[in-house]
Amino acid sequence: MKQSSSFKIASKLQDYKLLIKFNLSFMVVFSAVISYLLAPRVTMYDWKAIFLLFLGGMLVTGSANAINQVEEKDTDAVMKRTANRPVAAGRMSVQEAVAFAVISGLGGVLILWHFNFLTAALAAFSLFLYAFVYTPLKKISAIAVLVGAIPGAMPCLIGWAAGNDDISAGGWILFALQFFWQFPHFWAIAWIAHKDYSRAGFKLLPSDEGQTKYSAIQAIIYSLLLLPVGVLPYFFEMSGMISLVIVLLANLLMVWQSVRLYREMTIQAARRVMFSSYIYLPIVLLALLVDKIH
């Protein structure tokens with residue numbers, strides 16, 4: 001009996017982990033925390049503040065992802081990569097997922113209000129834009145990726161506002177880095193999962209024809225845009241020369257992998273872009289933090 005109860009609890013926890021897309025949410029909140037620590041007013045680590053920012057960020061992001069899964073439960077069910085999500089698979093009711101989304105969303109925004117109203121307002125706006133604009137737009141037009149990149153980069157502004165009480169140049173620079181990074185990152189995923197996405201009616205690659213040279217060129221263009229943005233932290237005296245070199249090298253890696261996708265036009269090349277993008281963000285953000293100019 002005890003073993004059965006333990007199994008049910010573990011299964012339910014696993015379902016909630018899938019509901020909030022834990023790995024994605026963690027990456028999102030990681031960028032918010034690093035942006036908070038990069039803010040000029042943050043001169044020492046306040047672990048209570050870091051914990052509250054992390055908790056509030058996870059709740060808001062988890063809420064947005066839960067709403068996303070409620071809205072897309074039917075399309076999730078027909079795609080291999082998403083069919084096991086709890087709402088799509090029928091293991092969690094829509095009512096339970098919505099209740100969780102409302103409670104976690106409100107709770108997260110209130111926790112972030114601990115820092116200031118601006119931080120809470122940015123988080124609420126990001127949640128709304130992701131859940132109620134980006135999500136339904138995915139079936140209408142590929143412009144959804146552009147719209148989705150805004151809430152995708154908002155954690156940088158949220159973290160910066162939490163640490164600096166405003167949105168100054170540094171916050172916008174971090175926002176721009178994460179904003180442009182998302183395009184090659186997401187298009188690589190869409191390239192790999194193109195059949196699944198097409199079956200579900202999603203329009204996520206730049207070209208209507210899907211995996212084309214045009215889509216690959218777009219990945220190159222947005223990777224190239226990372227280069228000028230990558231030098232701004234140095235010129236705005238956010239961080240030093242060491243991080244400048246690291247960021248530029250990371251940016252060149254993204255450009256090179258996107259060029260390889262254009263030349264090879266294969267799933268394997270798209271995977272290289274995807275994996276490069278996964279390591280890009282933590283390397284760049286940590287480099288800026290370690291080399292921060294106080």
- Run down Trp191, Trp181, Trp172 and say which single residue is in a helix (DSSP H, G or I), over 18 Å from Val28 (Cα atoms) and touching a residue at least 12 places away in the same chain (Cβ under 8 Å). Trp191
- Query: Consider Asp165 against the criteria (1) among the charged types (D, E, K, R); (2) over 30 Å from Val42 (Cβ atoms); (3) surrounded by fewer than 23 Cβ atoms within 10 Å (Cβ to Cβ): it satisfies all of them except one. Which criterion is unmet?
  - Reply: (2)
- Exactly one of Ala64, Ala120, Ala101, Ala88 is part of a helix (DSSP H, G or I) and touching an Asp or Glu at 6+ places or on another chain (Cβ under 6 Å), and that residue is Ala88
- Members of region 272-294 found to be more than 18 Å from the chain's Cα centre (by Cα) and surrounded by fewer than 21 Cβ atoms within 10 Å (Cβ to Cβ), listed by number: Arg272, Leu289, Val290, Asp291, Lys292, Ile293, His294
- Item | Condition met for Leu248 (aliphatic (A, V, I, L, M), surrounded by fewer than 20 Cβ atoms within 10 Å (Cβ to Cβ) and over 15 Å from His185 (Cβ atoms)) | yes
- Query: Being of a type in the set (D, E, K, R) and farther than 30 Å from Ser207 by Cβ, is that true of even one residue in region 126-139?
  - Reply: no
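Can you confirm whether Leu59 is touching a helix residue (DSSP H, G or I) at 6+ places or on another chain (Cβ under 7 Å), closer than 20 Å to Val102 by Cβ and surrounded by fewer than 22 Cβ atoms within 10 Å (Cβ to Cβ)?
Spelling it out, it is not the case that Leu59 is touching a helix residue (DSSP H, G or I) at 6+ places or on another chain (Cβ under 7 Å), closer than 20 Å to Val102 by Cβ and surrounded by fewer than 22 Cβ atoms within 10 Å (Cβ to Cβ).
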- Message: Which pairs turn up if I take residues in region 252-268 that are closer than 16 Å to Leu177 by Cβ and look for partners that are open to solvent by 60 Å² or more (accessible area, probe 1.4 Å) with beta carbon separation below 7 Å, at least 6 apart in sequence or on another chain?
- Response: Val255/Leu224
- Note on the structure: Ile189 fails exactly one of (1) of a type in the set (A, V, I, L, M, F, W, C); (2) in contact with a Phe, Trp or Tyr (Cβ under 6 Å, 6 or more places away or on another chain); (3) more than 29 Å from Gly163 (Cβ to Cβ), namely (2)
- Would it be correct to say that Phe125 is at pLDDT 95 or above, open to solvent by 10 Å² or more (accessible area, probe 1.4 Å) and part of a helix (DSSP H, G or I)? yes
- Item | Residue among Leu106, Leu146 that alone is modelled with pLDDT under 95 and either open to solvent by 20 Å² or more (accessible area, probe 1.4 Å) or not in a helix (DSSP H, G or I) (or both) | Leu146
- How many residues, within region 173-192, are within 30 Å of Ile158 (Cα to Cα) and either of a type in the set (A, V, I, L, M) or open to solvent by 40 Å² or more (accessible area, probe 1.4 Å) (or both)? 9
- Message: Between Lys203, Lys195, which is open to solvent by 10 Å² or more (accessible area, probe 1.4 Å), more than 30 Å from Thr43 (Cβ to Cβ) and in contact with a helix residue (DSSP H, G or I) (Cβ under 8 Å, 6 or more places away or on another chain)?
- Response: Lys203
- So Ile283 clears everything in (1) assigned to a helix (DSSP H, G or I); (2) in contact (Cβ under 8 Å) with a residue 40 or more places away in the chain except one condition, right? Which one? (2)
- Residue check, Asp46 modelled with pLDDT under 95, within 26 Å of Glu237 (Cα to Cα) and out of contact with any Gly (no Cβ under 8 Å at 6 or more places or on another chain): yes
- Query: Does Phe186 meet the test of being in a helix (DSSP H, G or I), free of Cβ contacts under 8 Å to residues at least 40 places away in the same chain and of a type outside the set (S, T, N, Q)?
  - Reply: no
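Please specify each residue of region 131-143 satisfying the condition of being part of a loop (DSSP other than H, G, I, E, B) and surrounded by 14 or more Cβ atoms within 10 Å (Cβ to Cβ).
Lys138, Lys139, Ala142
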- Counted residues in region 17-54 being in a helix (DSSP H, G or I) and open to solvent by less than 60 Å² (accessible area, probe 1.4 Å) come to 19
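The values are calculated or read from the model by the stated rules, or taken from the named source; none is laboratory data. As the structure is a computational prediction, the values presented were derived from the model and not from experiment. Please note: Cβ atoms are built from the backbone with ideal geometry, for glycine as well, and neighbour counts cover all protein chains shown. Quick note on the areas: whole protein, heavy atoms, side chains included, nothing else; ligands and nucleic acids left out. Shrake-Rupley method; radii C 1.70, N 1.55, O 1.52, S 1.80 Å.
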